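The values are calculated or read from the model by the stated rules, or taken from the named source; none is laboratory data. Quick caveat, the model's predicted, so the values are computed rather than measured. For neighbour counting, all protein chains shown are included, and Cβ atoms are generated from backbone atoms with ideal geometry for every residue, glycine included. When the accessible area is computed, the model is the full protein with side chains, heavy atoms only, and any ligands, DNA or RNA have been set aside. Shrake-Rupley method; radii C 1.70, N 1.55, O 1.52, S 1.80 Å.
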Amino acid sequence: QTWDAAGKRGPRIHSNDFNHTSTSSPSNTKSISLRGVWTARIFGNSALGLFSNSTRPFGGGYFVFFEMGPDMSDSVMNVDITENSSTAIAYPVWMSPRVGNGRIEGIGVSNNSFVAGRTAVYSSQTLALRIVGNIISDWNDPIVLENCFDFQIVGNGEIDGDTNACITLRTVSGDFLERGVISGNEIKPLASSVGILLENDQGTSRVRAVS
């Protein structure tokens, strides 16, 4: 269970079926959008998109979308995303970059099944992120983290990608990527992809303490 700073139980979103299979759905459809939420638990839901002629989804779409605003009150913190399933949703978990004083921190993505899409977990400037025990199968670039601090990618049963990398860690806009652990995953690079890609074009000492 998740609790906010005042000791109150946060909202729970569970046991819902989200259907994104209409061809008229725009590419920015979202099952769940979060902004200004200081604790929440999202569990036991399913999201289904529309397959194209290949195994990739038609169009875009998001399962859990973190929206940022300029104020501290827009922050999203202490969110647990667990035991959900997503099939043919292009971006199941999308954490947007910071805007002003808004931030994302204390996020858990665990024991989910994410099948067929473009990027299963995208995170920018997130503090304290855990990606643990998931199945992430049939993706272009399964996990992409930019400028994150204190992250764990641990014990995921399958991470396979066929475009750039199964796990991409990068620095952008002069920021840092720091204090992370990648351990105990089953990583399956396909086609011309690589397993783990670290990209730093922001100068020296921008990627630190990653093991």
Inset, instruction - Determine, yes or no, whether VAL79 is among the hydrophobic types (A, V, I, L, M, F, W, C) and within 25 Å of THR163 (Cα to Cα). - result: no
Inset, instruction - Collect the residues in region 83-112 that are open to solvent by 10 Å² or more (accessible area, probe 1.4 Å) and in a strand (DSSP E or B), keeping them in residue-number order. - result: SER85, THR87, TYR91, TRP94, GLU105, GLY106, SER110
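Over 13 Å from the mean Cα position of the chain (by Cα), in a strand (DSSP E or B) and at positive phi, is that true of ALA128? If you could, list the steps in order and put the result at the bottom.
Details: over 13 Å from the mean Cα position of the chain (by Cα): no; in a strand (DSSP E or B): yes; at positive phi: yes.
The answer is no for ALA128.
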Inset, instruction - For region 69-107, name all the residues that are under 10 Å from the mean Cα position of the chain (by Cα) and either at pLDDT below 90 or more than 15 Å from GLY44 (Cβ to Cβ) (or both). - result: TYR91, VAL93, TRP94, MET95, SER96, ILE107
Inset, instruction - Tell me, please, whether a residue that is under 19 Å from the mean Cα position of the chain (by Cα), modelled with pLDDT of 85 or more, farther than 18 Å from SER124 by Cα and not in a loop (DSSP other than H, G, I, E, B) can be found in region 171-187. - result: yes
Inset, instruction - State whether one or more residues within region 20-27 are open to solvent by 60 Å² or more (accessible area, probe 1.4 Å), within 19 Å of PRO92 (Cβ to Cβ) and at pLDDT 90 or above. - result: no
Inset, instruction - Write out, first by first residue and then by second, each pair whose Cβ atoms fall under 8 Å of each other, whose residues are 6+ apart or on separate chains, and whose first residue, in region 34-48, is open to solvent by 10 Å² or more (accessible area, probe 1.4 Å) while the second is outside any strand (DSSP E or B) and of a type in the set (A, V, I, L, M). - result: ARG35/MET68; TRP38/ALA5; LEU48/ALA88; LEU48/ILE89
